[in-house]
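Structure first, commentary second.
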Amino acid sequence: MSDLPPDASCSWFERDRRGGTEPLAALVSVAAICVAISVYAGFASITLSASTDSSPDRATLDSVWTATSDDGIVDTRERTFEDLLGPAELPRGYRVAVTLTVVGEDGHLSTVDRATFGENATPADLEPPPGADTDDRPVAVRLDEGDIRPGRLRVVVWDE
Amino acid sequence: MSEDRALSSVADVSVALVVVLACVVVFVSFLDAGESEYDPAAADHTAETLGASTLNVTYSLEPVLENGSEHVPAVDDERAPYDSADLQRSTHGSTLGHVGRAALAAAGFPTEQGVTYPLAVGTGYAETLDERLVVSLVGSNFATNVTAVWEPFEGASVRGIARFGEPIPHDVERSVVRTTTASELPAAQEDAVAAVESVHNTTDGNESGEKYAAVARAVADAIVNGTLGDTQRELETSGVERAVIVSRYLRFADAVEGVTRGSIHEKLARPRADAAALTARLADGLARQLAAELADTFESPHEAAAAVSTGEVTIAVTTWER
């Protein structure tokens, strides 16, 4: 008997003195933990999906900037956005509007080039809906030799 | 005996559950806060655009004319050989250069009568620049501030600051990019270091004082000659060029201790105009003024020479989420 573990050697009376949990409290705690995990999973899935799926505007802006700039200057005098952008630069399954503006002599923004693309990244005549995901960045825009204005490159991305 | 068992009460379990739920809420809210439209690279993009682009800025010289002087008739004075249209200026250059020029133009020289601005370029310059920059650089998701600072040496009382865009809030996360651009004045750091090295074995034993004076001389020469050097021809003409350069001499006379408008009056008169004598006198006065400040500011003349920055303007581009 001396080889048995202490638990095995104790009596029924001794085991009955161990700490326990009331059944109702245990059920409530298990239920609440399940609710907490569900809440976490719900929020996490929403947040994670929002950070990946709804940011094509920023990725598209980077891609458009890379495709249209040379030495940090955007020049669309000879090749417009419709010539420069296609499936390699634009996200599939989304509609995209790209706009390039500069400050004019009167101090207001004037559009240098604008193009919209359909879901297959080909030029299409579309109008972005209000509230669509938008991102933009300041850029230098070459209007002529020696005339490089500060301007903005703006990208709007939306789906149906 | 069952009453002797240790039981987790409903209250204990409830406390534990509250802790678990609180952890989940905190974690979820942290995840949610991490998602932002703000791009930390916006400051980089803005600085790149400032450096790569050019702007045309139009302004008027009329407000910088010292009409109170007999040498500079007011625009509406019948003796004036110019009108308002002659005082309009248009300048085309790098956007970063314009920002730097605005800082230099705002350089204030503290005097007993108040602060004077001998390097001012005219009204409308900074305002027009601000309008253009705000329209072109401010994004839909972030706000921008561009602040340019020119100072002849680090910590100088003479300094010019030009701010564009929105005031920077202190309670938001910000991205800052710092860059420099050449000011319109010559760089004097090398001259200052060389001047310090060239002072040896002074007769009166005040070697340190002479070294500070040598640094101050290099700085004063850069400021005065960089602004007023080679202006003999302008002083001898009679048109708007003379009015503008005489006004600048007069404002320098206000800014420099030991020099007054009356004391340079004779050498500003057209028949006897002497640009070399005027600039030498202004540079001497400014050098004396700066030597005392340099000695008070720096621990050694070498440190003072290394801190000379007449030739550059420091520009900070700050962006933050709206």
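Only the coordinates and a few stated rules stand behind these numbers; no lab work does. Predicted model, so just to flag it, every value in this text is computed and none were measured. Using ideal geometry, Cβ is built from the backbone for each residue, glycine included, and neighbour counts are taken over all protein chains shown.
Observations on the model:
- Under 5 Å, built H, 5+ apart or other chain: amide partners of B:PHE142: B:ARG322
- Between A:ALA59 and A:ALA41, the modelled label-to-label distance comes to 2.6 nm, taking each label 7 Å out from Cα in the direction of the beta carbon.
- When the convex hull of its Cα atoms is viewed from all sides, chain B shows a mean projected area of 28.1 nm².
- In percent, rounded to a whole number, the relative contact order of the stretch B:233-322 is 20, using alpha-carbon pairs under 8 Å and six or more apart.
- Cα-based Rg and Dmax for the stretch A:33-160, where Dmax is the largest Cα-Cα distance (Å): 17.9, 67
- log10 of Debye I(q)/I(0), alpha-carbon scatterers only, for the stretch A:98-160 at 0.13, 0.17, 0.18, 0.29 Å⁻¹: -0.42, -0.66, -0.72, -1.24
- At R0 = 60 Å, FRET efficiency that the Cβ-Cβ distance of B:GLN113 and B:ALA16 yields, to 0.05: 0.20
- For A:ASP133, the residues whose modelled amide H falls within less than 5 Å of its own, excluding neighbours fewer than 5 places apart on the same chain, are A:VAL157.
- Two-site FRET efficiency, B:ARG270 against B:ASN206, from Cβ-Cβ distance with R₀ of 35 Å, rounded to 0.05: 0.25
- Span-like helix criteria (full DSSP H runs; alpha carbon extent of at least 24 Å along the helix axis; mean Kyte-Doolittle hydropathy of at least 0.5) are satisfied in chain B by B:10-33.
- Each Cα pair under 8 Å and six or more residues apart adds its separation to the average, and for the stretch B:112-251 the resulting relative contact order is 20 percent.
- For trypsin sites (Lys or Arg not before Pro), the sites in the stretch B:77-170 that DSSP calls loop and that have at most 12 other Cβ atoms within 10 Å are B:ARG79.
- Using θ = phi - 60° in the Karplus curve 6.51 cos²θ - 1.76 cosθ + 1.60, the 3J(HN,Hα) couplings for the stretch B:115-121 round to 8, 10, 10, x, 9, 4, 10 Hz; x is entered for Gly and Pro.
- Across peptide A:131-137, the mean count of Cβ atoms from other chains lying within 10 Å of each residue's own Cβ comes to 4.
- Distance between the pseudo-spin-label points of B:SER157 and B:SER198 (7 Å out from Cα toward the beta carbon): 2.8 nm.
- Using the average count of surrounding beta-carbon atoms within 10 Å as a protection proxy, the listed peptides A:136-149, B:289-302, A:112-125 rank, highest first, as A:136-149, B:289-302, A:112-125.
- Between the beta carbons of B:GLU78 and A:ASP147, assuming R0 = 30 Å, the FRET efficiency works out to 0.15 to the nearest 0.05.
- Principal axis dimensions, the stretch B:154-251 - Cα atoms, whole angstrom, descending: 58, 46, 20
- Cα centroid separation, the stretch B:223-254 to the stretch B:137-171 (Å): 30
- Karplus-derived 3J(HN,Hα) values for the stretch A:27-32, using 6.51 cos²θ - 1.76 cosθ + 1.60 with θ = phi - 60°, are 4, 4, 5, 4, 4, 5 Hz; glycine and proline are entered as x.
- Within the stretch A:45-160: Cβ-based charge dipole about Cα centre, in debye rounded to nearest 20 (Lys, Arg +1; Asp, Glu -1): 240
- Extreme residue, positive dipole direction of the stretch B:193-293, given options B:ALA275, B:GLY258, B:GLY239 (C-beta unit charges): B:GLY239
- Normalising by residue count, the protein assembly as shown has a Cα convex hull of 316 Å³ per residue.
- Annotation: amide H-H contacts under 5 Å for A:LEU109 (H modelled 1.01 Å from N, sequence separation of 5 or more, or interchain): A:GLY104.
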